[in-house]
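The values are calculated or read from the model by the stated rules, or taken from the named source; none is laboratory data. It should be emphasised that the depicted structure is a prediction, and the values quoted were computed from it without experimental measurement. Cβ placement follows ideal geometry from the backbone for every residue including glycine, while neighbour counts extend to all protein chains displayed.
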Amino acid sequence: MPDVHDTIARATSALDALARAGEAVEDEWQYVTDLHAVWRARLVQVATARGTASVEPGVLEAVERASVEIEAIEDPHRAIDWLSTYPQIVLLALGETG
């Protein structure tokens, strides 16, 4: 059965892709870097606290589907928009608050 660690690992991979895309906007580079660092740290915090806790297969599947969509974003401005939204979707799927 999938666990929180598996789910977070998949999510951080997609989050990293968003950050790479968003960094192309030079005027927003610091914002993107800071936002990425904060949300990645929050996801890692959840993985550390609950890593081996199992999740329903549907949770990992939902995160996988969202991740595929996220990784397909090529427009850097759109990537920046999703950089703060995507982690919240993952946390909600895992039953976390904030």
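Okay, here's what the table says:
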| read-out | value |
| --- | --- |
| Residues located in the stretch 1-39, provided they are closer than 17 Å to GLY95 by Cα and among the charged types (D, E, K, R) | ASP3, ASP6, ARG10 |
| Qualifying residue in the stretch 62-72 (condition: exposed (fewer than 14 other Cβ atoms within 10 Å of the Cβ), under 11 Å from ARG10 (Cα atoms) and hydrophobic (A, V, I, L, M, F, W, C)) | yes |
| The stretch 25-57, residues that are out of contact with any His (no Cβ under 6 Å at 6 or more places or on another chain), in a helix (DSSP H, G or I) and within 14 Å of VAL4 (Cβ to Cβ) | ARG42, LEU43, VAL44, GLN45, VAL46, THR48, ALA49, ARG50, PRO57 |
| Residue pairs meeting the criteria (Cβ under 7 Å; at least 6 apart or on separate chains; first at pLDDT 95 or above, in the stretch 35-53; second among the small types (Gly, Ala, Ser) and part of a helix (DSSP H, G or I)) | LEU35/SER84; HIS36/ALA19; TRP39/SER84; LEU43/ALA11 |
| Single unsatisfied condition, SER84 versus (1) surrounded by 13 or more Cβ atoms within 10 Å (Cβ to Cβ); (2) at pLDDT below 95; (3) more than 10 Å from the chain's Cα centre (by Cα); (4) more than 17 Å from PRO2 (Cα to Cα) | (3) |
| Qualifying residue in the stretch 59-68 (condition: β-branched (Val, Ile, Thr), part of a helix (DSSP H, G or I) and more than 12 Å from the chain's Cα centre (by Cα)) | yes |
| Subset of the stretch 1-24 (residues that are under 15 Å from SER84 (Cα atoms) and not in a helix (DSSP H, G or I)) | GLU23 |
